[in-house]
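All remarks here apply to the structure that follows.
Quick note: the coordinates plus some simple rules give every number you see, no bench work behind them. Note that the coordinates shown come from a computational prediction; the quantities given were computed from them, not determined experimentally. A quick note on method: Cβ atoms are made from the backbone with ideal geometry, for glycine too, and the neighbour counts reach across all protein chains shown.
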Amino acid sequence: MDALEKIIGGVVMGWLLAQLADIWKRGRERKADAAYLGATVLIQLERFIHGCASIAGDDGMAYGRPAGRTDDGEEYYVAQTKIPELTWDGVKVEWKSIDPILMYTILSIPLELDEAKDHLQGVSEYDDPPYDRYIAERQLRFAELGVMVADLAKQLRLASRVPTRPAKE
C-alpha cells in the first residue's frame, strides 16, 4: 500500500504543479496583453484628449475677432477646430486583459462622442447669430469629455502598468 500511496501522491503533485505552471503562464500572458493594450489604447486616448482640449480652447474667433462674417458685415462665431474622432475599429488588442468595467467605459467613448455631437446639433438648430451659445456649449461639452477620458487614461495606465510619458522641456 505504501508504494501505491507514493504513486498517487506523485501523480497528484505532478498535476498540481502543471496547474500552477499554467496559472502562472496565463497570468504572465495577461499582463503582457494588458501592457500592449495600454500602450496602444493610451496613444489613441491621448490624441483624443488633445483634440478635446483644442475644442475647449476654441472660442470661435480668429485674430481676436469673430471668425465669420455675413455679406452684410455682421460678425458671428465659427468653430475653428475639428471635432476629434475615436474608433476602436482595427485596434487589435486583448480587451479581456483589463477590468470589465474599465473595458466597457473605454469602449463606450465613441458613444459619448456621438451623444455630444447630437446635443450640439440640437443647440446649433436653436442658436441665432452670433452663435455664441453654440460655441460656449461646444467648449463645455468637449472640456467635460476630455476630463472624463483623461481620468480613464489614468485608470488604464495604472491597470496596464504603462508609465506616463516623460514631460517635454
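In whole Hz, with x marking every Gly and Pro, tabulate ³J(HN,Hα) for segment 83-98 from phi via Karplus 6.51 cos²θ - 1.76 cosθ + 1.60, θ = phi - 60°.
6, x, 10, 8, 9, 9, 4, x, 7, 9, 9, 8, 4, 6, 7, 10
Could you work out how much longer the chain between TRP15 and TRP88 gets when fully extended? Use 0.36 nm per residue separation minus the Cα distance between them, nm to one decimal.
The span from TRP15 to TRP88 would gain 22.2 nm if fully extended.
Sorting TRP15, TRP88 on the 10 Å Cβ count, fewest up front, what's the list?
Least crowded to most crowded, the residues run TRP15, TRP88.
R0 = 22 Å: FRET efficiency of ARG69 with GLU125, Cβ-based, nearest 0.05?
0.50
Return the sequence-ordered ³J(HN,Hα) values of segment 135-144 in whole Hz as given by the Karplus equation 6.51 cos²θ - 1.76 cosθ + 1.60 applied to θ = phi - 60°, using x for Gly and Pro.
Here the 3J(HN,Hα) series is 4, 5, 5, 4, 4, 5, 4, 6, 5, 5 Hz.
List the trypsin sites (Lys or Arg not before Pro) within segment 88-141 that DSSP assigns to loop and that have no more than 14 neighbouring Cβ atoms inside 10 Å.
Filter output for segment 88-141: LYS92.
If you count, for each residue, the other Cβ atoms within 10 Å and average over each peptide, how do 3-13, 65-75 line up from highest to lowest?
So the order, starting with the most tightly packed, is 65-75, 3-13.
Which of the following values of P(r) over Cα pairs in 10 Å bins from 0, in percent was calculated from the structure shown: [x] 8, 25, 26, 23, 15, 2, 0; [y] 9, 27, 22, 16, 11, 6, 4, 3, 2, 1, 0; [z] 9, 33, 32, 21, 6, 0?
After the calculation, the listed value that fits is [y].
Say each of GLU5 and ARG26 gets a label point 7 Å from the Cα, pointing the same way as Cα to Cβ; how far apart are those two points in nm?
If labels sit at GLU5 and ARG26, their model points lie 3.3 nm apart.
Between GLU94 and residues 5 or more places away or on another chain, which pairs have amide H atoms under 5 Å apart, with H built 1.01 Å from N, and which residues are they?
Here LEU37 satisfy the definition.
Tell me, THR105, THR164 in order of fewest to most beta-carbon neighbours within 10 Å?
In increasing order of surrounding Cβ atoms, one gets THR164, THR105.
Report the gain in length on full extension from ALA143 to TYR104: 0.36 nm times residue separation, minus Cα-Cα distance, nm rounded to one decimal.
Computed gain between ALA143 and TYR104 is 11.9 nm.
Given a cut-off of under 8 Å on Cα pairs at least six residues apart, what relative contact order in percent is computed for the chain?
31
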